[in-house]
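The values are calculated or read from the model by the stated rules, or taken from the named source; none is laboratory data. If you're wondering where the values come from, they're calculated on a predicted model, not measured in any experiment. Here the Cβ positions follow ideal geometry from the backbone for every residue, glycine too, while neighbour counts run over all protein chains shown.
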């Protein structure tokens with residue numbers, strides 16, 4: 001269980017008896033704030049915000065989001081769901 005590995009993880013009641021874990025907390029634990037790749041960066045002010053730094057297509061945005069999702073899944077065994085949904089593209093990042 002996550003609480004056994006990370007005693008300080010904040011948990012909140014979710015639907016159907018499940019538990020919610022704040023995505024920003026997970027992303028912060030993996031030191032993503034300020035990381036820039038291909039003209040997109042994770043905001044230093046909030047871990048859930050991606051900021052454009054020159055990227056001119058959606059590809060770099062989706063790639064960075066996918067990298068974050070993969071790192072959270074690898075480290076914690078949890079899959080993040082991307083919000084908002086990207087219309088017109090397959091669910092590359094969402095579970």
> Considering the stretch 22-39 alone, what residues qualify as being out of contact with any strand residue (DSSP E or B) (no Cβ under 9 Å at 6 or more places or on another chain) and closer than 22 Å to residue 55 by Cα?
Replying inline: 31, 37, 38
> Quick check: is even one residue across the stretch 23-30 within 11 Å of the chain's Cα centre (by Cα), at pLDDT 95 or above, assigned to a loop (DSSP other than H, G, I, E, B) and surrounded by 14 or more Cβ atoms within 10 Å (Cβ to Cβ)?
Replying inline: yes
>> So residue 82 passes all but one of these: (1) in a loop (DSSP other than H, G, I, E, B); (2) more than 13 Å from the chain's Cα centre (by Cα); (3) modelled with pLDDT under 95. Which condition number does it fail?
In response: (2)
